[in-house]
Each structure stands twice: as structure tokens, then as C-alpha cells.
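Below you'll find the structure, written out as C-alpha cells, and then a few comments.
Nothing in this text is a laboratory measurement; each read-out follows from the coordinates by a stated rule. Bear in mind that the values here come from a model prediction, so they are computed numbers and not experimental data. Quick reminder, even Gly has a Cβ in these numbers, built from the backbone with ideal geometry, and neighbours come from all protein chains shown.
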């Protein structure tokens, strides 16, 4: 059974790709059916992913590759690679993508360029699925860039707005900065190991043939790619701006396709990172600092989508923190639960934005009474992300925390605990202001949410509640399954100190309580602290920092070089060309067409030669 | 019989050649230019004959060569005059300074 079906795993990314090609080729003719085609083909790919998951359950690592290009001694391969980690990723991506497709059916109903939108969604999904299936780093890198392209196209979907255009460009360029690191790391890795196949890389690393210096250098370069893609500090600024894209796209980017790629990269090359303590520390510190800083920034934001964006950055920081603390299982587990509740939050936020026709949370309020279903599901997502006991985020966050504790990074541990508190605080601030606040009830006819909006939200809220039970302190099957194939070791599980769970619960409850007191009971505006508020609202002035430290010097440099080009280079070029012209102009006068002049000149020349000959007395 | 010395022949040839050269380079009438060229050729012929009689290794070759030169010069003059006729028909002039077709 398993042998028969697994070779067909390559079909998983092909389905959305077919949707992409079809919708792009017959854009106008399929306008009305685009959502059905997109959803159906992505649905097929979800079915395929589930089938592969079920049949490949017990598989450790199976490759099916074919030669793509063969040089003299180098063979580049393409194909599929099935491991537990891939299976998890494939299913998350396909599931979220189907939800987003169905949701978009209603959400993008009035869009003029519907089929283009669904075509880009298909490309984006196909690229991410291909990335998860890649058996080697080259195919991975190709899909990685395709994911970047997809995000660029979708963020800039409303390209008639300048902000969307700028956000798309920013996302592309910021991630590209990291990609340079990834490419350099990839080349170095090939140079050192002689192969880009993941399995070969594992073999080389476990044999310990690589020098420690190279391992550190390569893993840091590769981590730079992950930093760019997963929006870690300091390359995170594109992620909040990416909110200019349509809301379902944000759900897709934040939950499954784009930012997860960076975490997946670190996860799939985890043995490489494990071989270098420096690299692990860098990953952990980056993750921990990102988590805290993004959570602090999120507190002051007023745009509902920006709050969610910063919360994504913060949660991605958690994942990196876990991976840097040598806990692959915890990182991937948090990636999984986060995918569910963040997609849920974004999709419900889309409904809220649609309802209030604004993204500013202070112009919302009272939504709970009007949007009962949305309010309930949003509450589920909020509880999950806040780490409320027994929701999915609780278990995954707890796994991350205990991993950090086990790794004896106590400072980072306290940061992570603080972030738990902050997360609960800003998420419930959002919830209380939007859903329980004292806004005016919106006028206008109330209409029930359509099925296409309800279904994905409902489908996502189930795993947002329940996915946590896959990996708990008393049930670590998931951990074994996800780590064993890579390290050939059984996951140590997380033996938790007794106070771990209560303190995590305390932190999250304290955050919720504080939010309730400040925004529900007393309604204290945060603007009381003017400087601090502005500081956090503008995201620690990160954009401004880049503006003044990087953009302006670069602009100065380019202006200078423009002037050098204009006045120095062009002068030199101009004068040399005019010299040639001058010579030509006056030289042309010698050609008079007068035979006698030519003859005379020839005669004089001959005479001079003869004269010289006699003067010198022979040949020269 | 006191023969004329070689130098005298050579001087005659030199003077003839210089007159020819001067004419070829300065005269504006093409017919005169052609005549001047003939003059230069004949100066060379005198040289050849003089050397064949009074040179370091006298032989008949110089005289034979002169005969060839005369033949070729006649042919050349015929061709040149034919070209000149054609040119005159087209341009209705024989002034050489107006024939600057090589410029273009």
C-alpha cells in the first residue's frame, strides 16, 4: 500500500499549480468559476496530502527522485521526500490553504480580478507544498523563491493603492536580504559536503567530518534566510506592512505558507544547527528577543491586522526559541498549533473588518452582540494564542517554555514567560475593545454570514482548541514521531518542573485580568504614557531606524554616484567622443578627390624617404 | 669615336622626368597631364637604353624591355584617352581639378 501510493506524492503541489495555470490562462472565461476551481484543486491536494499522511504514517524517510540536470560529475535531482516533519507541514499547508480558498469565495466576491487572485493563491500554495516536499536544498531554494514571488503578488494585489505597492516591494526586498545569506550558506554547504540532498547532509554531519567553524558559518548564513522569511528581528518590518494584502492572504501568509517556511528550514536542517552551539544560541536569542519585542509593540497598535501581525512575529520568535533550545518537537508543534489559531484569528478579523469597514480598533466595539459566531470563534483563537489552559496554544507554549528551561537558558526563559503575559494582555485588549467595547451599533441590515465564511472558521476552530492534546507532558507520541527519523534518538519528552504549568497559567491569566481591568472595567487608555506609547506604536521606530541608517546613506551614495556619472564620467566620454569627431571632421578635408594633390603628397613623401635613406646611409 | 658619357643620358632622363612630373602634378588640362605621364615613361626608357649600352653589364635586355614599355604605354594612352572621352561626354569638361569623383 505504502509503496504504491508514496511515489505519487509529487501530485500534491501539482494540483494547486494546475489551478494557477488554468486560472491565469483563461482568466476572463473562468472569472465566475475561479473560486470553485481553486478550492476544488486545493481540496484535491489536501486529500492527497491526507492519503500520503495515512499511508506514510510509519515511514521514517522515503525519497523518490529523478535526475533533473546532469553535469560532468554532478547530478541535480528533483522529486519528493516523505518524512514525519514533511507530512505535518504538508497537511497544515493544504488544510489552511483550502480554508482560505473557501473563505475567499465570499470575501473576494466583488473583486474584479477574482481569477487572478485565485491564480496567485494557487501559485503560493503550490510553491509552499513543493518546498515542504523538497528532497534537496536546490529544489527547496527554488520553491522558497517562488513562495517569495507569491507573497509579493498577493500583498501587492491591490496594486492601484500606493501603500500596497510599497508593502509588496518591502516584503520582497526584506526577505531578499535574508535570501542572500541562504544562498551563500547553500553554496558553502555544497562545497563542504558535496551534496545538497538533505539525507546526505545528515550523514556528513553525523560523521563529524565538518569543521566546527564551517558548521557555524553555514548554519548562521542559512539562519539569515530564515530570519528574513520568518520575520525575525531585525528583518521583521515587512510583516506588519504586508497587512495591505487582502485579509485571507494575511491568514495564509501568517499561518502556513510564507513565514512557516523559515521555521521549517531551521527544523529540517536541525542536525546542522545542533552541531554548533553558537548557531543554536544565535537562533534562541533571536527568537526570544523577537518574541518579547514584537509582543511589546503589539500592545500599542491600533490596527487590528497589525496587532495580529506583531503577534505572529512574536509567536514565530517562540518557535525559533524552541528550535534554538534544541527542541525540534516543541518548535514544530508550536508552528502547527499557531497555524490553526492564527488562521482562525485572521479569518474572523476579516469578518470584523468587513463589518466595521475599518481596521482601526478604536472605531469598533460592541461586535459581540452583532457578530455572535465571529465573536465566539475569535474568542477561541484569542484563548488559544494566550495560552489559556487546555487550548492548543497552552500546550505548545508550555512545551516551548519547558524546552528553554531544559536548555538552561534562564534569561530567555524569563523573557518567554514575560511574553506569555504580554501576549495574553494585548490579545485580550484587542478582544475587549473590539467585541466588548462601547462602540455604536452599526446601522445597516444585519445579514447572516454565508456558509463559505462560516465553514472555514468552524473548521479551523476545532484544531485551535484540540490540536494541543497531540503533545502534552503526559503524551509525547508526537514528539517521538517528529524527531526520531532525524536524530535517531527518542525525544526526551519534557519533564516539567512542577511549577512550570501553574506559572505559565498564572502569567496568561494575569495578562487577561490586566486587560480586563484596563479596557473593560476602568477603560484606561494607554495613551497616558505619551513617549512610551508613541515609541511602541511606531514599532520601536524600527522603520525610521532603517530609513536613517540604511536608506538615507544609500540614497546619498546613489545621488553622489549619479552626479559623478553625470559630471565626471560623462565629461570624459563626451570629450573623447568629440575629439574623435573633430579629428574626423578635419581629417576628412584631406580627402579632396584631387588626383594631383594626392600625387604631389605621394611624391613629397617619397622624396623624404629617399632623403632619409641617403642621410642615414642605407637601411635603418 | 668619343661616345656620349652615361651621365649625360642620365641628366637628360632626369630633366625629362622632372618636366613630366611637374606637368602631371600642376597642369589642369587632363590631356596635358596624360602627355606629361608619357614624358615620364620616356625618361625611364632613356634610362633603360642607356644602361643597356653603357651600364656595368651591358646586354640587350634593356632595349627589349623598352620596346615592351613603349607598347604598354601606347595601350595605356589609348585606354586613358577613351576614359577621358567618356568623362568628357558625361561631365563636358577636361579640367582635372573638376574631376573629384574619388572624394565621394
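Remarks
- Inter-chain shielding of B:96-104 (mean C-beta neighbours from other protein chains, 10 Å cut-off): 4
- In this simple spin-label approximation, residue A:60 and residue A:358 carry label points 7 Å from Cα along the Cα→Cβ vector, and these lie 6.0 nm apart.
- Packing-based ranking, highest mean first, of A:65-71, A:313-319, A:137-143 given that Cβ atoms within 10 Å are counted: A:313-319, A:137-143, A:65-71
- Residue A:451-residue A:604 pseudo-label distance in nm [points 7 Å out on the Cα-to-Cβ vector]: 10.3 nm
- Anisotropy class of segment A:188-277 from Cα gyration tensor, a/c 1.5 cut: prolate
- Mean residue ellipticity at 222 nm, helices only, chain A: -23000 deg cm²/dmol; runs of at least 4 DSSP H residues each add -39,500 (n - 2.57), and the sum is divided by the number of residues.
- Computed over segment B:6-96, the P(r) tail beyond 15 angstrom holds 64 percent of alpha carbon pairs.
- Segment A:572-620: C-alpha gyration tensor shape, a/c 1.5 cut-off, then a/b vs b/c: oblate
- Evaluated over the protein assembly as shown, the Cα radius of gyration and Dmax, each in Å: 43.5, 152
- FRET efficiency for residue B:54 and residue A:589, using Cβ-Cβ distance with R0 set to 56 Å, rounded to 0.05: 0.70
- Put a dot 7 Å past the Cα of residue B:12, heading toward its Cβ, do the same for residue A:302, and the two dots end up 12.0 nm apart.
- Stretchable slack from residue A:571 to residue A:72, in nm (0.36 nm times residue separation minus alpha-carbon distance): 174.8 nm
- Take each residue in A:594-601, count the other chain C-beta atoms within 10 Å of its C-beta, and the mean is 5.
- The length gained on full extension between residue A:199 and residue A:366, counted as 0.36 nm times the residue separation minus their Cα-Cα distance, comes to 54.7 nm.
- As a rough guide to protection, the peptides A:370-380, B:27-37, A:11-21 ranked by mean Cβ packing within 10 Å, highest first, stand as A:11-21, A:370-380, B:27-37.
- Over chain B, DSSP H runs of length four or greater, each weighted -39,500 (n - 2.57), average out per residue to a 222 nm ellipticity of -26500 deg cm²/dmol.
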